[in-house]
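Here's the structure, in structure tokens; my notes come after.
The values are calculated or read from the model by the stated rules, or taken from the named source; none is laboratory data. Here the structure is a predicted model, which means the values were calculated and not measured. Counting neighbours? That spans all protein chains shown, and the Cβs are built from the backbone with ideal geometry, glycine included. Each accessible area value is taken on the protein alone, full model and side chains, heavy atoms only, with ligands, DNA and RNA left out. Shrake-Rupley method; radii C 1.70, N 1.55, O 1.52, S 1.80 Å.
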Amino acid sequence: MNQSFYVDDLIRRALQEDIGMGDITASSTVPQEQTASGRFIAKSDLVVCGIEIVERVFWLLDDRISLVIGAADGTFVKAGTIVADISGPARSILSGERVALNFLQHLSGIATRTRSCVEAVRGTKARITDTRKTTPGLRALEKYAVRSGGGSNHRFNLSDGVLIKDNHIKAAGGITQAVRAARQTIPHTLKIEVEVENATMVEEALACGADIIMLDNMSLEDMAEAVRLIHGQALVEASGNMGEKDLLEVARTGVDLISIGALTHSITAADISLKFN
């Protein structure tokens, strides 16, 4: 990852939150000179993501700790795989264990879920994308995890592009008014996406030159009809509880993108443990 300052700040805050004034258990039970070695082990099939962050956690905590990575970010591993070996001062390893695992399990959970969605639409033209429904403060890491799982990123933040949704349309007085106002304001390099709910809205979004049309909570039949109407004049994105849908059936309607908020907002952490040798 190329965001070391951002990541280091997150890690330092996480360590401060977890260690507080000091690790009472480790300091009271483990001799200061005691060393230890151990292994991070995948306890289920998963896509690894966050192992470089684990390495950084321990380096910031105690640079005498050594980590040997066995599976790089983005690697699919089977249950029982050794993801990394660790060695160094026992107290420091114990103090950083929970923070390291929190990052690793959470991000690997996102990458694993993303991979399953990508696999579900393999053989179609549809791409799986995330949304802005991310954990506050962790967006960059969570979107990185989506990419590690083979998915694509939607907007990183509100300055990345225009996405005119239902409330924007109501506030602006309609789709046409909203798109015209945006065109007069934004640089020519930015694209405009419009959220629609029916064929009439699709036709209006097309007529005013939307670059991307988001089909929100449409049935499979309505999505297929919308794709037919759009006929390549704009990119087509399927959205709205897609994490609960049959993704292959959605992809077969001909949409270009399937955005899934559940990739980041309601993920199950991957099962990974650290065991001392």
Practice item. Please find, among Ala120, Ala126, the residue that is closer than 29 Å to Asn241 by Cβ, aliphatic (A, V, I, L, M) and buried (at least 24 other Cβ atoms within 10 Å of the Cβ). Key: Ala126
**Study point:** Of all residues in region 182-216 being touching a helix residue (DSSP H, G or I) at 6+ places or on another chain (Cβ under 8 Å) and open to solvent by 50 Å² or more (accessible area, probe 1.4 Å), the one that is farthest from Ile260 (Cα to Cα)
**Key:** Ala207
Point to revise | Single match in Val83, Val30, Val48 (criterion: aliphatic (A, V, I, L, M) and over 16 Å from Gln105 (Cβ atoms)) | key: Val30
Review point. Would you say Arg252 is at pLDDT 95 or above, over 26 Å from Gly151 (Cβ atoms) and open to solvent by 70 Å² or more (accessible area, probe 1.4 Å)?
Key: no
Point to revise | Odd one out for Leu220 among (1) touching a Leu at 6+ places or on another chain (Cβ under 9 Å); (2) farther than 30 Å from Val99 by Cβ | key: (1)
**Study point:** Selection status of Asp160, at pLDDT below 95 and either under 19 Å from the mean Cα position of the chain (by Cα) or closer than 30 Å to Phe276 by Cα (or both)
**Key:** yes
Check your understanding: Out of all the residues in region 137-144, is one or more more than 30 Å from Met21 (Cα to Cα), open to solvent by less than 30 Å² (accessible area, probe 1.4 Å) and part of a helix (DSSP H, G or I)?
Key -> yes
Exercise for review: Return only the number of the condition from (1) open to solvent by 10 Å² or more (accessible area, probe 1.4 Å); (2) out of contact with any Ser or Thr (no Cβ under 7 Å at 6 or more places or on another chain) that Val236 does not satisfy.
Suggested key: (1)
Review point. Condition test on Glu17, is it closer than 19 Å to Thr135 by Cβ, of a type outside the set (A, V, I, L, M) and at pLDDT 95 or above?
Key: yes
Review point. Mind checking which residues of region 95-112 are open to solvent by 10 Å² or more (accessible area, probe 1.4 Å) and under 14 Å from Gly74 (Cβ atoms)?
Key: Thr112
Check your understanding: Among the residues of region 255-272, is any part of a helix (DSSP H, G or I), free of Cβ contacts under 8 Å to residues at least 60 places away in the same chain and on the phi < 0 side of the Ramachandran plot?
Key -> no
